[in-house]
Structures are given as C-alpha cells and as structure tokens.
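The values are calculated or read from the model by the stated rules, or taken from the named source; none is laboratory data. As the structure is a prediction and not an experimental result, all values here were calculated from the model. Note that each Cβ is placed from the backbone with ideal geometry, even for glycine, and that neighbours are counted across all protein chains shown.
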Amino acid sequence: MGTESKHKTALLEKIKIVKGDNFVTIEDTKNLTNQELMELVTYLRDQPSIKTAKNINILVNSKFNKEVESLLQKYGFKVHDESVTVYKVLKESDKNISGFSLKNLAELSTEKFKSVWRESMKESLNAPSSLKIDEQMRSVEVELGPNYKKSCLVAYEKGNPIGVIMPHIEPGTLEEGRIFYFGLIPKERGKGKSQLLHQQALRILKNDFNATYYIGSTSHNNIPMLKIFENNGCTVLERNRVYKKKN
C-alpha cells in the first residue's frame, strides 16, 4: 500500500460512514482537522458508492472554518439543518415500571406502522427528510438488518396510537443504543407524553437491547426535544451542520 493510500485509509478510519438503501451519511468529522476534512470530501466524491448514492449527507462539526463550507458548496452541497447530538449512560432500571403499551411489526402490518409513522412526522420541528416513507422504511431494513421488525414500535394509550419509537443497537457496535425515529402524532404533543415515551425507549434500549449508553440527536430548532433530552439526563456531545446533496 502506497503512502497516499495509507493516508486515505487513516482518514477513513477516523470517521463513520452509514449506508442506507438510498443514502450515504458521513459522521464523526470532529475527529479530523480542517485540511483532512477537505481532503476527505475531495476523495469521497469520486468513489463509486458516493457517486451512485441518491442522497449524500455530511455532518460537519461546528469547529470547522469557512474553507470547508466553501468546498462543500462548490461540490453541490447545501446546508439542510444543524443537529445537536447528546449522550447518556444507561443504568439498570426497573423492568416493571409501567409505560405506554407497544406493538412491533410482529403484531402490526407494515402499512399500519407506516401510517402512524407518517402521522408522527407531520408538523415536526426537525428538517424534513428527503426520502419518501417507503424509502425510509427500506432504509430501516437495510441499516438495521434482519431484526428491524423488533425496533419498529407503535405506542398506544387506551387503544389509540399516539406515536412511534424505533430503538436499536447502532450497527457495527455492541452497546451503543440509538433511536432511529421518535415522535408523537400532532394531537398528542404538548401533554408531557413525549418525555415519558422517551424514558420508556431508553429503558427498552437497556433492558431489551442490552445497550450501555445512548446517542441521540435532533435539530437545533426542535426545542421541545432538546428539553426532553435535558430532562431525561442526556448531555450535549456535539453540534453539527448537516450538508446534503442529491445525485
């Protein structure tokens, strides 16, 4: 392996690349210097997996300067949102704490799940996804693998669906708990239910998925979700600008 190849390999080892059915997301850019990120962006744009991806997302840590932003804009990337990433150590909790009743895809049809998920995304304070609901569902299957049905949960109160949670172990790790999607349908918001449902999702990550810690993120515009993170004991890890490009 030549010196240049070794250098590119070293750069790739510092970041994380998440591949879905219709997208590629590049994370953990905070581990790079300004110059390294610019080199990486230039290198990746010529890679087949990037050139053929329908949507490319790059999370650019807030520490980077305007040079990086100018390069991304030159290559056709646009700022989509600013995300806040949080962290929490998951401790043993009482499995018998009552919560909302839940049904996963072993008990629900995919169509029913998608209908509640679609409703939960309405009027969201997060930037809208560039993927349609069927594309997002396919991405869940691809990213989470054969056990994805266990992660797709609809929450019910008195027999009525109130929202969706999608807890899972981050692929490539053994103990990192994530929530692929979290949200209540519009009429159930602002009643204190989100905080309780998020607590329940964290318990599921610990008790059912054996996660030891949780990584979450939301838009900097989503003040209610940021408040839920704070109230449920999460600490801010980093802030990133989300750059997107469609091929």
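Restricting attention to the range 178-228, which residues are assigned to a loop (DSSP other than H, G, I, E, B) and buried (at least 19 other Cβ atoms within 10 Å of the Cβ)?
Ile185, Ala211, Asn222
Return the residue satisfying two criteria in turn: it lies in the range 229-243 and is of a type outside the set (Ser, Thr, Tyr) and buried (at least 19 other Cβ atoms within 10 Å of the Cβ), and of such residues it is nearest to Pro128 (Cα to Cα).
Only one residue tops the list, namely Val242.
Looking at the range 148-177, which of its residues are surrounded by 21 or more Cβ atoms within 10 Å (Cβ to Cβ) and in a helix (DSSP H, G or I)?
Passing the criteria: only Ser151.
One residue is enough: does the range 74-96 have a residue meeting the conditions part of a loop (DSSP other than H, G, I, E, B), in the same structural domain as Asn232 (by TED's automatic domain parsing) and of a type in the set (Ser, Thr, Tyr)?
yes
Return yes or no: is Glu143 on the phi > 0 side of the Ramachandran plot and either touching a residue at least 40 places away in the same chain (Cβ under 8 Å) or touching a His at 6+ places or on another chain (Cβ under 6 Å) (or both)?
Judged against the criteria, Glu143 is not a match.
Has the range 132-144 got any residue that is touching a strand residue (DSSP E or B) at 6+ places or on another chain (Cβ under 7 Å) and not in a helix (DSSP H, G or I)?
no
Quick check on my filter: what residues within the range 83-99 are at pLDDT 95 or above and in contact with a Lys or Arg (Cβ under 6 Å, 6 or more places away or on another chain)?
Val84, Leu90
Within the range 108-117, identify whether any single residue is basic (Lys, Arg) and either over 25 Å from Asp28 (Cα atoms) or buried (at least 17 other Cβ atoms within 10 Å of the Cβ) (or both), and answer yes or no.
yes
Condition first: outside any loop (DSSP other than H, G, I, E, B) and either surrounded by 12 or more Cβ atoms within 10 Å (Cβ to Cβ) or within 23 Å of the chain's Cα centre (by Cα) (or both). Now tell me which residues in the range 45-66 satisfy that.
Ser49, Ile50, Lys51, Asn55, Ile56, Asn57, Ile58, Leu59, Val60, Asn61 - these are the residues of the range 45-66 that are outside any loop (DSSP other than H, G, I, E, B) and either surrounded by 12 or more Cβ atoms within 10 Å (Cβ to Cβ) or within 23 Å of the chain's Cα centre (by Cα) (or both).
Spot the failing condition for Leu102; the list is (1) exposed (fewer than 12 other Cβ atoms within 10 Å of the Cβ); (2) not in a loop (DSSP other than H, G, I, E, B), and only one is missed.
With (1) exposed (fewer than 12 other Cβ atoms within 10 Å of the Cβ); (2) not in a loop (DSSP other than H, G, I, E, B) applied to Leu102, the lone miss is (1).
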